[in-house]
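Engineer: There's a structure below that I have some questions on.
Values in this text are rule-based calculations from the coordinates and carry no lab data. As the structure is a prediction and not an experimental result, all values here were calculated from the model. Positions of Cβ are backbone-derived with ideal geometry, glycine not excepted, and every protein chain shown enters the neighbour counts.
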Amino acid sequence: MGAFSVLDILRVGLSGLCFLLAFLAYRLISQEQARSGMPRGAILRSIHVFIVSNLAAGVLCAVSGYLVRAPATVDASAQTTGSYMLDYTFFLVDLTAWQPGGKGPVVVTRTDYIRKMTDKDEDYKLPSFTTGDRIDWEPITSTIRPRFTMRDENETPELKGHHYDFVLPVGRQPHGYMEQVSSKFTFPTGFKDPVNEWWQAYIGYPTKSVTVTIRFPDQKPCQSIDVSRITGLSKAEKIRDNSATILQDGRAASWTGLNEPGQTRIRFDWRWGT
């Protein structure tokens, strides 16, 4: 075994374990053959049992690959209603520079890992809005530079606030194209309520994992926080089986959702210190 790293073999998973067991069976047979005299019956029976166990593990290894992959394929196809699917989305909502009256900037950092699911020429697009003065945008990472443009207010006169479109121009990329894109969105004003406030994370496409972390000012820690889901144009429904976790004595809160459908908003309503 000196030529092998057991840890490296086991990192392969179940197939690595089967290989390790088969190698050990070979060593047992070799050692028994190296002895002088007749082979011992009890040892041979033990080796036979060991080999049969290895064969059963090998069958399990082969079958498990199919069983593990099949549900993921069904789940992905069931959720994919558009041109893209996201492996994960991370939000960091930084309220630590907040000042009374909403004068301090609030910075939201968003990271998406996207997969193009069709050959359709359709760019990756996400809307944003604010009831404050504006949103300042800064790209962080991506191989193709996104665009962030303000909509004509006449397009949506019934919706209060300023509306923007974030566009990653990857529509001409082939099916299977993958990209990680990160951006920083700064709200110079907004979040004016010193007692109760809210923020929504927009999930434009089916997403396997969504994580939202909110940081609060030291002088205004989070006292309580509720999470709701708004699917399409439906009303907000409180998420009761997966609540946000308040961390560091209210200086942060975090929430993670799995397999969120597209065209969904995750709303966070919190009460913070006065």
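Engineer: To make sure I understand, if each residue's beta carbon is the centre and we count other beta carbons within 10 Å, what order do SER224, SER182 fall in, fewest to most?
Structural biologist: So the ranking, lowest neighbour count to highest, is SER224, SER182.
Engineer: For region 84-272, report the translational diffusion coefficient in µm²/s to the nearest whole number, using Stokes-Einstein at 20 °C, 1.002 mPa s, and a Kirkwood Rh over Cα pairs.
Structural biologist: In µm²/s, the coefficient is 124.
Engineer: A follow-up question, please. What order do you get for LYS235, LYS116 when you list them from fewest to most C-beta neighbours inside 10 Å?
Structural biologist: Ranked by crowding around the Cβ, least crowded first: LYS235, LYS116.
Engineer: Now, a different point. Total Lys pairs in region 84-272 closer than 21 Å by alpha-carbon, pairs eight or more apart in sequence or interchain only?
Structural biologist: Step by step, the pairs that qualify in region 84-272 add up to 14.
Engineer: Could you list TRP272, TRP198 so that the one with the fewest beta carbons within 10 Å of its beta carbon is first and the one with the most is last?
Structural biologist: Listed from fewest to most nearby Cβ atoms, that is TRP198, TRP272.
Engineer: Moving to a separate point now. If N is the number of residues in region 99-154, what value comes out of its Cα radius of gyration divided by 2.2 N^0.38 Å?
Structural biologist: 1.47
Engineer: How many nm separate the modelled label positions at ASP218 and THR231, each set 7 Å beyond the Cα in the direction of the Cβ?
Structural biologist: It is 4.4 nm.
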